[in-house]
Amino acid sequence: MNYQIKSYEQYQKDYAASVADPQGFWASVAEQFVWRKKWDTVLQWDFLKPDVQWFINGKLNITENCLDRHLAALGDRPAIIWEPNGTDEPHRVLTYAQLHDYVCRFAAVLRNSGVKKGDRICIYMGMVPELPVAMLACARIGAIHSVIFGGFSAQSIADRLQDAGSEFVITCDGAYRGPKDIPLKNTIDDALAACPAVKRVIVYQRTHCPVSMIKGRDVWWHEELQAVSESNLPAEEMDAEDPLFILYTSGSTGKPKGVVHSTAGYMVYATYSFVNVFQVQPGDIHFCTADIGWITGHTYIVYGVLCAGGTSLMYEGIPTYPDAGRLWDIVDKHQATILYTAPTALRSLMAHGLQPLAGKSLSSLRVLGTVGEPINEEAWHWYDDHIGKNRCPIVDTWWQTETGGIMLSNIAGITPAKPGYATLPLPGIQPVLVDEQGTLIYGNDVSGNLCIRFPWPSIVRTTYGDHERCRTNYFAAYEGLYFTGDGCYRDENGMYRITGRVDDVLNVSGHRIGTAEVENAINMHTGVLESAVVGYLHDLKGQGIYAYIIMQSMPDDAAHTQADILQTITRVIGAIARPDKVQFVHGLPKTRSGKIMRRILRKIAEGETDNLGDTSTLLDPGVVEEIMQGKV
Ligand code: 7RM
C-alpha cells in the first residue's frame with residue numbers, strides 16, 4: 001500500500017496532487033488493486049445530471065480484492081474475529097483462507113437458488129460472521145446486496161424489498177442483542193405478506209428459536225451449504241460501474257431512499273480511506289462497533305478492512321451487556337489496536353463512571369476513532385484520557401452513507417486533532433462552504449452549508465429506481481455542487497467542524513431519521529389529524545425526537561394514546577424512531593401560506609422560549625403560547 005500517507009508534508013503534497021490532477025492521483029491508487037482489465041478513462045462527470053463514472057471499462061470483482069489476493073501471503077491470518085453476545089460462548093475466527101472458502105461455498109448456494117448477476121438480495125441478519133459472508137457471496141456472483149438493519153420493522157423491510165424489487169432474502173432465525181432474542185425471521189414473515197415476489201428465503205440458524213418455514217420458499221442456510229462443494233467458485237467479472245450494493249437511508253422528505261454504490265470506486269475509496277485515516281499497520285486488529293446494517297459497518301467492518309488485508313473484530317451484542325465494561329473486555333481479550341465507535345456509545349459508557357474500567361488494560365490500543373455525529377468535548381476528553389490514556393490519536397471522521405467513505409478527518413498521528421472538529425479533507429476531497437444562495441464562502445472563521453465540488457471515487461451514483469430523486473436531493477440545491485445536508489464552520493486555521501444537519505433529518509444516537517418519516521407514521525394512527533416532529537438536544541442520544549400532535553379531539557387519557565402512537569411508530573418504522581417526548585396540541589404554528597414553522601417548534605423543544613425570533617408571519621400567534629404552556 002504505497003498510497004499510505006506517512007507525514008504531514010506528504011499529506012499536503014498528496015492533497016495538492018489530488019486537486020491538481022485528480023485522474024492521475026486516483027489512477028495511481030487504483031493501480032494497486034487487482035483488475036481483470038484496467039480502465040480506459042479514469043473519470044467522467046457531470047454533477048448537473050448527475051452522472052459520475054470512475055475507472056470506465058475497468059473489469060474486476062471486489063471479492064478477489066478482499067479475499068483471493070490475500071490468500072498467498074495472509075491465508076492464515078484472521079480476516080474476521082467474531083465476539084458473541086454472550087460471554088459463555090466461544091469466539092470465532094475466520095482466516096482469509098477460511099473466509100474465502102466460506103464465501104465461495106455460499107456464493108454457490110446463491111447461484112443454485114437461481115440468483116443471477118444484477119439481482120437485488122435483501123439481507124436482514126444479526127451481527128454474525130455469516131452476514132459479511134452473505135454480502136461477499138452476493139458480490140462474488142455479481143448480485144447487489146441491500147442490508148437492512150435488524151432494528152427495522154416488517155413494514156420498513158417490505159418498503160425496501162418492494163423498492164429494490166428483491167426476490168431473495170437472507171436472514172437469521174433470531175439475533176442476540178444484549179439480554180434480548182430478536183425474532184428476525186418472524187419479522188421477515190410479516191414483511192413478506194406484502195411481498196409476493198420473494199421466491200427464496202435462506203435462514204441462518206443462530207438462536208434456535210421456533211420459526212415458521214414455508215415449503216418451497218424458505219430453506220436453512222446449513223442444509224443448503226451441505227449440498228455444495230465449490231471451494232473456489234470463480235468470481236463474476238464486473239464492470240467498474242456495476243452496482244455493488246444498495247443501502248437505504250433517510251432524507252428530509254418521504255420514505256428512505258436506496259443509495260447505490262458502484263464496485264470499483266467504492267472499493268478504491270473504502271480501502272484508501274481506511275488505510276490512511278487509521279494509519280493501518282500489519283497485524284492491526286480493527287474493532288468497529290457499528291452495526292453492518294449502516295454504512296460504517298459496510299465500509300469499515302467489511303470492504304475497506306478486508307481489501308486492505310486487515311483483521312476485522314466484530315461484536316454481536318451491545319456495549320453495555322452484560323455490563324458497561326464489555327467493550328473494554330473485548331479490546332483486551334482480542335488485543336484490538338484500533339477502536340472505532342460513536343459518540344453516543346461513549347456518552348452512555350461515560351454515564352457509568354470509571355468503575356467499569358477497573359482492571360482493564362487497554363494497552364493494545366493504538367488509534368481511536370469516532371463517527372456518526374458531532375462529538376462533544378466532554379466525551380472527546382473522556383475517550384482521550386480513559387480509553388486512549390492520552391497516548392492514542394483520536395480521529396473524528398465525518399462522512400455519510402452517500403459518500404461511501406470518510407471525507408473529513410484528521411489522519412491518526414499525522415495531521416493534528418482538535419476536539420469537536422473533523423479537521424481536514426482527505427486527499428481527493430474538495431469541500432466548500434456556501435450561503436443560502438449558493439455563493440461560495442471563502443476565507444477562514446466562516447460558517448455555511450457544506451458542499452463538495454469535485455467527485456471522489458465512492459460518491460453515490462444514484463438512488464435506486466429514481467435517479468431524479470438523487471439529483472434533487474444532492475445536486476439541485478446548489479448548481480454544480482454535491483450538497484451534504486450539513487452545516488459547517490471553518491476555523492481560523494481552515495479546520496472543519498460539522499455543526500449538524502440543516503435539513504429535516506435527525507441524528508438520534510448516530511442514526512439518521514427523517515422527520516417526515518416519523519410524521520407519516522404518526523399520522524397513520526387513528527384520530528391523529530396532523531403532527532410535526534423536531535429534534536432537540538439530548539444528553540445521551542445527541543438528538544432526541546419531540547413530536548407535536550393534533551388529535552381530532554384531545555385524548556382523555558393522554559398517556560395511553562401516547563403509548564398507542566409509539567406502538568404505531570414501532571410497527572411502521574422501528575423502535576429507533578420512537579419520539580422521546582410527545583405533546584398533544586390544538587394547533588401548530590403555521591405561516592399564512594400553511595407552512596409549519598419548525599424553527600419555532602425546535603426552539604420550544606429546546607426550551608429556548610425567550611427568543612423565538614420573528615413570529616409576525618404566523619397565522620395565529622396564539623398557538624405558540626399554548627404550545628409553550630404545555631411543553632413536556
Ligand atoms: C457515517 C454516517 C451521516 C450524517 C452526516 C452528519 C452526521 C457523521 C459525523 C457527523 C459530525 C462527524 N453516515 N455525522 N459523522 N457529524 N461529526 N464525525 O454516520 O449517513 O448515517 O449519517 O451523520 O450529519 O450528514 S450516515
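The values are calculated or read from the model by the stated rules, or taken from the named source; none is laboratory data. Predicted, not measured: the structure shown is a model, and the values here were computed from it. Cβ coordinates were reconstructed from backbone atoms using ideal geometry, including for glycine residues, and neighbour counts include every protein chain displayed.
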(Q) I need a count of the residues in the stretch 195-219 that are surrounded by fewer than 16 Cβ atoms within 10 Å (Cβ to Cβ) and under 27 Å from residue 180 (Cα atoms). (A) 5
Q: For the stretch 395-403, indicate whether the set of residues that are away from the ligand (no atom under 12 Å from the Cβ), touching a residue at least 12 places away in the same chain (Cβ under 8 Å), surrounded by fewer than 21 Cβ atoms within 10 Å (Cβ to Cβ) and assigned to a loop (DSSP other than H, G, I, E, B) is non-empty.
A: no
**Q.** Pairs, first within 12 Å of residue 345 (Cα to Cα) and of a type outside the set (A, V, I, L, M) in the stretch 367-389, second near the ligand (Cβ under 9 Å from one of its atoms) and in a helix (DSSP H, G or I), C-beta under 8 Å, six or more apart
**A.** 370/343; 372/296; 372/343; 373/343
**Q.** Close pairs from the stretch 475-492: first in contact (Cβ under 8 Å) with a residue 40 or more places away in the chain, partner of a type in the set (Asp, Glu) and surrounded by fewer than 21 Cβ atoms within 10 Å (Cβ to Cβ), Cβ under 6 Å, at least 6 apart
**A.** 485/503; 492/445
Q: List every residue pair whose Cβ atoms lie under 6 Å apart, where the two residues are 6 or more positions apart in sequence or sit on different chains, the first residue falls within the stretch 103-124 and is farther than 19 Å from residue 227 by Cα, and the second residue, located anywhere, is charged (D, E, K, R) and modelled with pLDDT of 95 or more.
A: 117/236
Q) For the stretch 355-377, how many residues meet the condition of being over 16 Å from residue 423 (Cα atoms) and either within 16 Å of the ligand (Cβ to nearest atom) or among the aliphatic types (A, V, I, L, M) (or both)? A) 5
Q) Among the residues of the stretch 70-97 satisfying the criterion of being part of a helix (DSSP H, G or I) and under 27 Å from the mean Cα position of the chain (by Cα), which is nearest to residue 237 (Cα to Cα)? A) 70
Q | Residue check, residue 296 among the polar types (S, T, N, Q), within 22 Å of residue 387 (Cα to Cα) and not in a loop (DSSP other than H, G, I, E, B) | A | yes
Q: State which residue is farthest from the ligand (Cβ to nearest atom) when the search covers only the stretch 509-546 and only residues that are buried (at least 19 other Cβ atoms within 10 Å of the Cβ), among the hydrophobic types (A, V, I, L, M, F, W, C) and assigned to a helix (DSSP H, G or I).
A: 522
Q: State which residue is farthest from residue 122 (Cα to Cα) when the search covers only the stretch 167-190 and only residues that are among the hydroxyl-bearing types (Ser, Thr, Tyr) and in contact with a helix residue (DSSP H, G or I) (Cβ under 8 Å, 6 or more places away or on another chain).
A: 187
Q. What number of residues in the stretch 223-252 are away from the ligand (no atom under 16 Å from the Cβ), of a type outside the set (A, V, I, L, M, F, W, C) and more than 25 Å from residue 196 (Cα to Cα)?
A. 11
**Q.** Within the stretch 404-434, considering residues that are of a type in the set (A, V, I, L, M, F, W, C), closer than 26 Å to residue 511 by Cβ and in a loop (DSSP other than H, G, I, E, B), the one nearest to the ligand (Cβ to nearest atom)
**A.** 422
Q: Test residue 315 against the criterion of being surrounded by 21 or more Cβ atoms within 10 Å (Cβ to Cβ), within 16 Å of the ligand (Cβ to nearest atom) and among the aromatic types (Phe, Trp, Tyr), and give yes or no.
A: no
Q: Go through the stretch 556-631 and tell me which helices (runs of 4 or more DSSP H), entirely inside it, have 3 or more residues that are under 34 Å from the mean Cα position of the chain (by Cα).
A: 558-572, 598-606
Q: Considering only the stretch 232-286, state which residues are outside any loop (DSSP other than H, G, I, E, B), closer than 19 Å to residue 117 by Cα, more than 17 Å from the chain's Cα centre (by Cα) and polar (S, T, N, Q).
A: 263
Q) Restricting attention to the stretch 339-354, which residues are more than 16 Å from the ligand (Cβ to nearest atom) and in contact (Cβ under 8 Å) with a residue 60 or more places away in the chain? A) 348, 351
Q) All but one of (1) in contact with a strand residue (DSSP E or B) (Cβ under 7 Å, 6 or more places away or on another chain); (2) within 30 Å of residue 453 (Cα to Cα); (3) surrounded by fewer than 21 Cβ atoms within 10 Å (Cβ to Cβ) hold for residue 482; which doesn't? A) (3)
